[in-house]
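Here is the structure we will look at, set down as structure tokens.
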Amino acid sequence: MTERDVDNLDIFFDAARRQVPDPSPDFMQRVLDDALAEQRRLAGRKAPRRAGPGRLRQFVAAIGGWPAVAGLATASVAGLWIGVNPPSAVSMTAEAYLNSGADAYLVDLAPDFQFDVAEG
Amino acid sequence: MALDALSDVSDEALLVLFANGDADAARSLNLRLTPRAFAQAMRMLNNRAEAEDVAQEAMMRLWKIAPDWRQGEAKVTTWLYRVVANLCTDRLRRQRSVGIDAIAEPADDSASVVDGVQDAARIKALYSALDELPERQRQAVVLRHIEGLGNPEIAAAMEISTEAVESLTARGKRALSAHLKGRREELGYSDD
């Protein structure tokens, strides 16, 4: 090794690069055993998920996912509010339907029809 | 699936297959990455048993992180370089001074005996000098000049800027030159 060699570090790096450390087969096997053991552990952790989605998840999926649940919740709250504090148009319509004192009217739209049939 | 069928599959995709329980993906990742992690650890620690421990620990962390791996964020190899480098740094800090006699002889797998002897002497001197460097400089020099990584990849692995990498490698090389000059007589080399 000369002064020039020492100044030129590349010859040291080249030598180090040429010497590729070779892992032993035993060591490679140990690492593979770790990998396969970890895969078994992962498979065990995932297994309960395969039982299928729960009832809530099924319901949510059936109505179109969480955005649909948000819409459903908004509609429910709005419906409840209209029931508790109805706008005047709604309360008048409701009174018209529900008021027991309201009279029922029969309107004969074709009063001559029965007579015509009887006469033939 | 045969192993050669996975040769074109990226490391990141193999990791997804691994997390889904594909044993061939485990074998393929092991063959691709374990020798690389081991080589890096050997070059940092220059001790086979320690390098095996570090590489096994780094690979174990990879197996464990596989289900949570976020695609597109980092290359698997860069992540692995970082983990191995950090584990090596921890060990180097614990046992700072390794005597030159404790440095392992490199394996004789070179083309000729003469080249082998010359390489062995250079490698021994290099690792001895590397051992004198601060851990971060040593890491940067090993990754740049022995592992052959580019500065951006080293920056990602060491979580520093590319400018910091350049500075670390420049200072590391200056220190290496100084150490190697200082050891010439000690190692019994003379000018020729």
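Worth pointing out:
- Boolean, B:LEU31 is within 11 Å of chain A (Cβ to nearest Cβ), open to solvent by 40 Å² or more (accessible area, probe 1.4 Å) and under 19 Å from the mean Cα position of the chain (by Cα): yes
- Scan the stretch A:10-25 for residues that are among the aliphatic types (A, V, I, L, M) and open to solvent by less than 20 Å² (accessible area, probe 1.4 Å) and the total you get is 2.
- Selection status of B:GLY172, open to solvent by less than 30 Å² (accessible area, probe 1.4 Å) and not basic (Lys, Arg): yes
- Extreme residue, surrounded by the most Cβ atoms within 10 Å (Cβ to Cβ), among residues of the stretch B:1-28 that are among the aliphatic types (A, V, I, L, M) and modelled with pLDDT under 90: B:LEU6
The values are calculated or read from the model by the stated rules, or taken from the named source; none is laboratory data. Here the structure is a predicted model, which means the values were calculated and not measured. Positions of Cβ are generated from backbone atoms using ideal geometry, with glycine treated the same way; all protein chains shown enter the neighbour counts. For the accessible areas, the whole protein counts, side chains as well, though only heavy atoms, and no ligand, DNA or RNA atoms are used. Shrake-Rupley method; radii C 1.70, N 1.55, O 1.52, S 1.80 Å.
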